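The values are calculated or read from the model by the stated rules, or taken from the named source; none is laboratory data. Just so it is clear, the structure is predicted and the values come from calculations on it, not from any experiment. Cβ sites come from the backbone with ideal geometry, for glycine too, and all protein chains shown count toward neighbours.
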Amino acid sequence: MHVRRWDYLRSMNQWKTVGIVGAGTMGSGMAQIAAEAGCEVVLVDAHHKALERSKDQLARVMDRLVEKGRRTSEEAAATQGRIRRTTDLVDVKGCDLVIEAIVEQLQAKSDLFKALEGILSEEAVLATNTSSLSVTALAQACDHPNRVLGLHFFNPAPLMALVEVIPALQTNPDLVEHAVANMRAWGKAPAVAKDTPGFIVNRVARPFYSEALRIHEEGLASVADIDASMREVGFRMGPFELMDLIGHDVNHAVTSTVHEAFYGDPRYRPSHVQRQLVAAGWLGQKSGRGFYAYDGKKKVGTEGQPKQGVADRILAMLMNEAVDAVFWQVASAHDVDVAMQKGVNYPKGLLAWAEERGFQHVVAHMDELRGRYGEERYRCSPLLRDMAQSGKSFFQ
Ligand code: NAI
């Protein structure tokens, strides 16, 4: 197969003109980031209303930043002046990079990339913000799959520093480096992830929800006590509060997608209790009821108490998952730790945290769970066992 070498001269340059397709939550955030980094941005949406909403929202954000003294009014005006909004996709012509943030459907994204290839130059880069689709499958839809990659931002994009940089199987390796350098120039913390289900964050974070659900389903602790236990060890929110915020429809769908994509690996099995909440329409804060009841955005009810053993068990599962991601070469140890801190605000990197606790301790906990339940779900990662036996560090 003939693979075009990347244009080295071009790869020395930063992306200057950026197209963003989809002006919803993510697209609007990314447009702000690129514009603040000095890029000329063309923001496209099929709906004029979405563009209007996005514009008004950015104006409010910028006003607040000026009020707080975090931006000068000139900077705020310049940022807003660098974003052009349009419903016509052809207006991205001439862009160095286009990032799509439209609906999470492979067919819609493939159709969009095909259309973009007809508009853009051959050197232009095509990026997807997908959180669950295969970047490789998306690249396959293109005539030049070597210029496709994932740039996965986290919500709210202007505040969360992490960007997972995900090469497809077909992506030119030079482009990965180029993307990492550009994301750094945008003030972001890039982490390179293999194109595997959930990439880094949505894979490694699964036990935060699933083990909490499991403990609750077994009746070992109440929802409020589990939340209090996780807050006590440094998480900003407990798993149930966070699932209520994310929405059980969204959270359950992510778990189900990861579970299916791993051919039914029991470690990622979705929770029956959560499926029931979805069936009842108790989606969390947005529907006024989830695990907790809400009065507007405010949680109703009494706070829980940390309960012995709860945080340890969830943490052991999280640490095991993080080590296993390194074992399967999804990402480097450094990038796994960066991802969880900069993408979902974990108080520490899970690998550094496991090392601090002692790998032996985590192995013992996994073996204890495995012995008690006899389930595959609790298998200890071979790398975690190696680390415990060898006394090595991930970071030396
Ligand atoms: P959203 O629903 O807020 O916005 C999507 C926008 O795309 C809408 O304004 C819609 O009008 C527009 N659109 C849909 N199809 C289009 C097309 N063919 N051409 C032009 N515009 C089109 O969605 P959101 O939440 O911003 O998500 C976008 C993408 O980012 C999805 O792939 C999602 O999985 C991913 N993502 C979402 C995160 C989140 O927390 N919301 C986090 C990380 C990734």
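For segment 52-99, give me each residue that is part of a helix (DSSP H, G or I), touching a Ser or Thr at 6+ places or on another chain (Cβ under 6 Å) and within 30 Å of ARG147 (Cβ to Cβ).
Hit for segment 52-99 is SER54, nothing else.
Give the residues of segment 257-286 that are crowded, with 16+ Cβ neighbours inside 10 Å and out of contact with any helix residue (DSSP H, G or I) (no Cβ under 9 Å at 6 or more places or on another chain), sorted by residue number.
none
Are any residues in segment 71-93 more than 14 Å from GLU36 (Cβ to Cβ) and either away from the ligand (no atom under 16 Å from the Cβ) or charged (D, E, K, R) (or both), and if so, which ones? Spell out how you get there, then give the answer.
As a first pass, look at segment 71-93 and keep what is more than 14 Å from GLU36 (Cβ to Cβ): 73, 84-93.
Across segment 71-93, the qualifying residues are SER73, ARG84, ARG85, ASP88, ASP91, LYS93.
When you scan segment 39-66, how many residues do you find that are buried (at least 21 other Cβ atoms within 10 Å of the Cβ) and either at pLDDT below 95 or among the small types (Gly, Ala, Ser) (or both)?
1
Could you list all residues from segment 132-148 that are under 15 Å from the mean Cα position of the chain (by Cα) and surrounded by 20 or more Cβ atoms within 10 Å (Cβ to Cβ)?
Looking only at segment 132-148, we keep the residues that are under 15 Å from the mean Cα position of the chain (by Cα), and these are 132-135.
Selection gives VAL135 alone.
With the condition being of a type in the set (Val, Ile, Thr), I'd like the helices (runs of 4 or more DSSP H) fully within segment 302-396 carrying at least 1 qualifying residues.
Values: elements: 310-327, 333-344, 350-357, 359-373, 382-390.
Here the list reads 310-327, 333-344, 359-373.
Out of GLU36, GLU100, I need the residue that is away from the ligand (no atom under 13 Å from the Cβ) and at pLDDT 95 or above. Which one? Explain how you work it out, then say what you get.
On the way: GLU100 fails: away from the ligand (no atom under 13 Å from the Cβ).
When all the criteria are applied, what remains is GLU36.
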